[in-house]
Amino acid sequence: MSFGNRFFCIGGEYSLSGGFKVVFAIFAALLALIGTLSGSTLIWALMFLFLGLLFLVIGLTEIKKEKKIAPVIMLLLAGFYIIGSIYILLFET
């Protein structure tokens, strides 16, 4: 019996991509709060990286649902955020 990318827990069945969404969203929110309080460019770059990873996971899960425009927009946003964060990490910090 194959479960694919799903696992079971006490509350029910969850997909791994849903777990990644939650983790990346929490990291991005925490880094946004810390970055606002500290004003550090490094923290903001990491926040953009986690936002890019969040959009990447959302885009990939939407592609599986066979929707047309939403995954393309999410994947473009993911690329923009990830490339931007790498640029900030390499040249601005």
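Rounded to the nearest 10 Å², what accessible area does residue 77 have for a 1.4 Å probe in the complete protein model?
Around 60 Å² of this residue is reachable by solvent.
At a 1.4 Å probe radius, which order do 62, 92 fall into by accessible area, largest first?
92, 62
How much length would be gained if the chain were fully extended between residue 25 and residue 80, taking 0.36 nm per residue of separation minus their Cα-Cα distance, in nm to one decimal?
The residue 25-residue 80 span can extend by a further 18.1 nm.
The values are calculated or read from the model by the stated rules, or taken from the named source; none is laboratory data. Just so it is clear, the model here is predicted, and its values are computed rather than measured. Accessible surface is based on the protein model in full, side chains and every heavy atom, while ligands, DNA and RNA are left aside. Shrake-Rupley method; radii C 1.70, N 1.55, O 1.52, S 1.80 Å.
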